[in-house]
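Reviewing the structure listed below.
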Amino acid sequence: MPETSGPSANPAANSASKSAASLLQRLKGALDTLLVIDVFVVIAGALWFAVAVLLHSRQIEAPLSLFQALWEPLFTPAIGLLMAAALLSGVLSWWQRRGRR
C-alpha cells in the first residue's frame, strides 16, 4: 500500500501540531495584553515623574516623594517586565515564523 504524506497521513501529529500552535497563539495573545497594560503603567509613571519634578521645582515635595517610594516596588519591575516581555514576544514571533517554513 502506498504511503500518504498529506494532511490526513497522521491525524495525531496534526492534532498535536495544531494544539501547540494554538497554545503559542494564546500565550502570545496574553503576553501582548500584558505588554499593553505594562506600557500604560510605564507611560503613566513617566508622566507622573515629569509632573513631580515640575512640582518639586515649586517646592511641592509630596508627588516626587511618593514616586520615589514607588520606584523600587512598582516602576522598576514594570520597566523590567516590559523589556523582558518585549524580548520574549520577539522570540515567540520568530519561533512561530520559523515553524511555518
Q.
Taking the criterion of being over 30 Å from GLN25 (Cβ atoms) and modelled with pLDDT of 95 or more, would at least one residue in segment 38-45 satisfy it?
A. yes
(Q) Test of understanding: among ALA84, ALA78, ALA20, which residue is in contact (Cβ under 8 Å) with a residue 12 or more places away in the chain and among the hydrophobic types (A, V, I, L, M, F, W, C)? (A) ALA78
Q. Which one of these does ALA69 not meet: (1) modelled with pLDDT of 95 or more; (2) surrounded by 12 or more Cβ atoms within 10 Å (Cβ to Cβ)?
A. (2)
**Q.** Filter pass, SER93 being under 30 Å from SER17 (Cβ atoms) and in contact with a helix residue (DSSP H, G or I) (Cβ under 9 Å, 6 or more places away or on another chain)
**A.** yes
Q.
Suppose we keep only residues that are of a type in the set (D, E, K, R) and surrounded by fewer than 15 Cβ atoms within 10 Å (Cβ to Cβ) within segment 29-66. Which one would you say is nearest to the chain's Cα centre (by Cα)?
A. ASP32
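The values are calculated or read from the model by the stated rules, or taken from the named source; none is laboratory data. It should be emphasised that the depicted structure is a prediction, and the values quoted were computed from it without experimental measurement. Here Cβ is always computed from backbone atoms with ideal geometry, including for glycine, and neighbour counts include all displayed protein chains.
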